[in-house]
Structures are given as structure tokens and as C-alpha cells.
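First up is the structure itself, then whatever we jot down about it.
No lab work stands behind these numbers, since they all come straight from the coordinates. Treat the numbers as computed from the prediction; the structure is a model and nothing was measured. Neighbour counts run over all protein chains shown; Cβ positions are idealised from the backbone, glycine included.
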């Protein structure tokens, strides 16, 4: 029996390597195509990625805003506008910034009201026993123990129930503070509740109980008035303007009383009336101006700078006349306020890069297009290089710009 073997076919030897080479070439081409697709920017892909990133930041800012952390929300919104200004989420960020600059975020005043009400509760814990004529330390101890917690709980419940904005909360807190001061002042001016205790020719007037009672009544009245006003939308800028108006009115009242040679009750009454005039005037005019909180701060700090400059002149000149001594700071503070108003006249209207008003004014003085104006200097993170014992050391630092100029 003979076996037959098949001779190798030269065509199979030639075809097999070719097929293998074709498969390898196909796989290599497929791998190159996948790699190219991974790194080659498809049309619209970069834009979609930027929009997604912006949307994530806007959503995070909205969560901070709902939680009352308006400062963080403001910073995130501005970051979106600056880096992703051409995306749809950036427009949402602009709208949110406009709302924050207007009425403020609901719930943004929760922390301020809670902190202030806690302090006011502690104050009442001392003032109520004093108004009732307590002499022993036990009533004051009980007042301190229960006053703070009751004030905190009351503030949190009020803020949570109404969703107060920062401006609305400021109306309540400043109303209570201002009312307490007014109660103290007008009791002294009008001699309310004075009952001299006379023993022969010696008469002693104890006004402590009446004073504490008047301060309690004045504070509660102020809280009530502020609560009624907070039923309407109040922007943080308007609230700040009214507060500053009352304080500046008080300063002008002090200066006027010195210039007019008022003493005792006349001096105090002038302070009280001038402060009330400043508060009412600011409350009437502020809604027409509608300033932002930053602009109100800048105008007020300009007045403070002017007043301190006048005090510096007093130290240099050392006038002998009390009227000159008070008149110089009075004049320079008025000049400072007027300068602040002029330099910030378009602070809330001018757009910054990306459309956020005033977001690039992180220097005290900002010069652009030949115009000088005040900005809000903020500490900016930076890395500082300095020489150490073993060479150059890089450390984190903070910088504050005093001048920013664009030519």
C-alpha cells in the first residue's frame, strides 16, 4: 500500500503571509483611526465641553445662593462670565448676578439675623433685670443663660419662615440697634422717669432703671418698624445706604452742635435729630439711586478718608479754636463723600470683561479710557519668591492692588 502525500502548494505559501499582512494593516489603520478620533477635535465638541463646564459652575453657584452663601455664589458667577462668556450658562450667570445685585438671594439674611438676635437676646438678659431694679447677681445670670439661646432660636425661626434677603434682614437688625440708641438718647434729653430721691438738701437722681427701660422699648419699636419695612423687597445696596446715611447724619449733628455751641441736652438732641434726618433722607433717596452695596461702601469710605485727612490736618496745624478743630474734618469728610459719589457715578452701570459690572475693579484706584474711579481692593492669592538659607523659597501670599491702569 502506497500512501500519497500532497505536495505543498506554492500559492498557499504566497497567499497566507499576504492575508496576515492585510489583517495587521487593517488593525493598525483601525487603531490609528481610533487614536485620531480621540485627539482630533470634532466640530462643536470644544464648545460643548466649555458649556458643560460653565453649566456645572452655574449649578454649584445656584446651590450656594440658595444656602445663603451669596459671596461664594457671586464669585462663581463672575468666574463663569469671565471664562465662558460666550456660552448659554454665562447668560444665566449674568441674570443671577443682576438678581443678587437687586433684591439679593432669599435666605441670604439668615445668618446676619441669627447672629444679631443672639447678641440682642444676651443684651435683653442683662437689660431686663436692670430695668426691673435687680440688685443681686442671680437675675443677671439667669438672663445671660436664657437670653442668648432664645435670641438665636427666634432669629433662626424668623429668617427660615420668611426667607429674608440680606437687605430685609439688615432693616430689622439696624432698626433694633438704632431704636436702642434713640431710646437711650431721648430718655436723657426729655428726662423721662426722673424721680429725685431727696434727703434734706441732698437729692440723688437714679436714672439707671428708666434708661434701661427706654432702651428696651426703643429697641423693640425699632425691630417692629424694621420688620414691617422688610415685608417689601430691600436690596443690600439700599440697606447699606440707609445705614450709612444715619451714621453720617449723626456725625454731622455732632459737628453742628460744636459749631453752634450747644451743650448737654441740646448737644445730644442735635445728634439724635441729625441722625434721624440722615436715615430718613437716605431711605427716601436710596430707592431712586438704587446703588449697589459696594458703591455705598466706596462712597462712605471716601468720606471716612476725607474726615481722617482733616484730623491729620488738625494734628499738623493744632488750632486753638474748637470750631476750627471740628470744622476742618467736617469739611474734608464732605469733600470725601462728594469725591466718592463722583468717582463711582458709573460704578454699577459699566460692564467688565464678560459683562459682569465692576468685576475687574479689584484695585483701590482704577484708570481706564483716561478716567479715574474708585474700585474695591480685594486680597488676591499669589505666590511669592524670596531668598532663603538654602536657595529660593516659594510661599503663598496675598496681594492688594492700589492702582490698575489700562491704556
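Extending 7 Å from the Cα toward the beta-carbon at both residue 289 and residue 345 defines two label points whose distance is 1.4 nm. Once the Cβ-Cβ distance of residue 207 and residue 338 is raised to the sixth power relative to R0 = 60 Å, the FRET efficiency obtained is 0.90. Listed by Cβ neighbour count within 10 Å, with the fewest neighbours leading, 132, 122 appear as 132, 122. Can you list the residues of the range 228-272 with backbone N under 20 Å from a point 7 Å past the Cα of residue 322, pointing along Cα to Cβ? Answer for this model: 250-272.
As a proxy for reagent exposure, ranking 142, 242 by other Cβ atoms within 10 Å from fewest up yields 142, 242. Give the calculated FRET efficiency between residue 217 and residue 60 to the nearest 0.05, with a Förster radius of 45 Å applied to their Cβ-Cβ distance. Once rounded, the FRET efficiency stands at 0.45. Maximal additional length on extending the residue 53-residue 132 stretch stands at 22.2 nm, based on 0.36 nm per residue less the C-alpha distance. On the beta carbon distance between residue 273 and residue 160, with R0 = 25 Å, the FRET formula returns roughly 0.10.
In terms of surrounding Cβ atoms within a 10 Å radius of their Cβ, 58, 273 rank from fewest to most as 273, 58. Residue separation of residue 192 and residue 91 scaled by 0.36 nm, minus their Cα-Cα distance, works out to 30.5 nm of gained length.
If the segment from residue 263 to residue 111 were pulled out straight at 0.36 nm per residue, it would be longer than the present Cα-Cα gap by 50.6 nm.
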